[in-house]
């Protein structure tokens, strides 16, 4: 292994070290992931192929091409700046859980087609309630929204906002386990908005979602384009289909990759 590269970003006051490694496969495909195994989909002559490469966070395997080294460097920089591959901290939600966001992510426009009065909805990774609070208004007095998050401070902020909006009685706050969703209730609709890229074991997570969803229930998966490449999103869609979800459509949502799934009735 050659000497690592060092890059200093003075204006950000950070220094990042990038290892120089080699790819086990002869194909010049840059791969960057913090899991022991990375499964991804790629296209050859219009056919989707699934591949498995051995990767490691501290020993990234790549071709000796300079372009791929640059890819790795920029990937790690973007991971640092945009919290890719790690949970978004509670305090950063103030930057996008605000009234200005409604200009391009209108909760009513995005979610109204899937919600009925009296529905039970699971909002995973709800932040400070940007979607949870409008959902609570949509489901009405007989409905319920389960806001599930791994960060207690995030749920506390959501609770305060829900009280100010007068819908706290319709929202159930659920603190997830570090390795499990832990939701036992059956729900009519699941929303996973800009959070799936933070999940280390997506296969297990999707199996939990399927178990929580009622027959004929819907699951809307939305991922940010800045965090999730097309190949990574295709892999997640593939894992969802393997778990038992049926892909219905790909809605258009600003700056997002989207997939609407249904759970077929047994």
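None of the figures in this text is laboratory data; all of them are computed from the coordinates on show. Everything numeric in this text was worked out from a predicted model, so none of it was measured. No Cβ is skipped: glycine too gets one built from the backbone with ideal geometry, and neighbour counts run over all protein chains shown.
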*Compute the distance in nm between two label points, each set 7 Å from the Cα along the Cα-to-Cβ direction, one at residue 264 and one at residue 186.*
1.9 nm
*How far is the Cα center of the range 189-212 from the Cα center of the range 128-144, in Å?*
20 Å
*Give the shape of the range 90-263 as rounded, prolate or oblate, defined through the alpha-carbon gyration tensor: a ≥ b ≥ c are the square roots of its eigenvalues, a/c under 1.5 means rounded, and otherwise the shape is prolate if a/b is larger than b/c and oblate if not.*
rounded
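Label the range 179-266 by shape, choosing from rounded, prolate and oblate, from the square roots a ≥ b ≥ c of the eigenvalues of the Cα gyration tensor; if a/c is under 1.5 it is rounded, and otherwise prolate applies when a/b is larger than b/c, oblate when it is not.
Judged from the Cα gyration tensor, the range 179-266 comes out prolate (a/c at least 1.5, a/b above b/c).
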*If we restrict to alpha carbons, what Rg and Dmax does the range 151-219 come to, in Å?*
13.4, 37
*Measuring from the lowest to the highest alpha carbon on each principal axis, how far does the range 109-166 reach, largest first, in angstroms?*
30, 21, 19
_Once you order the gyration tensor axes a ≥ b ≥ c over the Cα atoms, which shape class does the range 226-266 get: rounded for a/c under 1.5, otherwise prolate or oblate by comparing a/b with b/c?_
oblate
*Please work out how much length the chain gains when fully extended from residue 203 to residue 178, using 0.36 nm per residue of separation minus the C-alpha to C-alpha distance, in nm with one decimal.*
7.5 nm
